[in-house]
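Here's the structure, in structure tokens; my notes come after.
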Amino acid sequence: MSIFELITIFETERHQPPESINALLDFYQQKYITGDININDYRKIYHYLHRQGAISAHELA
């Protein structure tokens, strides 16, 4: 999965673009937890989003 595919899935399911890179990361993590994304794709995109400055909601708690 590419970052572009992730954004398309987000927009399709939520009927709006992601409001922030953090929202995109949270959405992506939820997809991983529910088994929609394999570990290899998860790691690649997760690290990419973190390098872009994304912070997960669970990291803020």
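Within region 39-60, residues that are under 16 Å from SER20 (Cβ atoms) have Cβ atoms under 7 Å from residues that are among the acidic types (Asp, Glu) in these pairs: SER56/ASP26; ALA57/ASP26, counting only partners at least 6 apart in sequence or on another chain. The single condition from (1) surrounded by 11 or more Cβ atoms within 10 Å (Cβ to Cβ); (2) free of Cβ contacts under 8 Å to residues at least 12 places away in the same chain; (3) acidic (Asp, Glu) that GLU19 fails is (1). If only residues of region 32-61 that are in contact with a helix residue (DSSP H, G or I) (Cβ under 9 Å, 6 or more places away or on another chain) and assigned to a loop (DSSP other than H, G, I, E, B) are counted, the one that is surrounded by the most Cβ atoms within 10 Å (Cβ to Cβ) is ILE37.
Bear in mind these aren't lab numbers, they're just calculated from the coordinates by the rules spelled out. None of these values were measured; they are calculated from a predicted model. In this analysis, Cβ positions are derived from the backbone assuming ideal geometry, glycine residues included, and neighbour counts consider all displayed protein chains.
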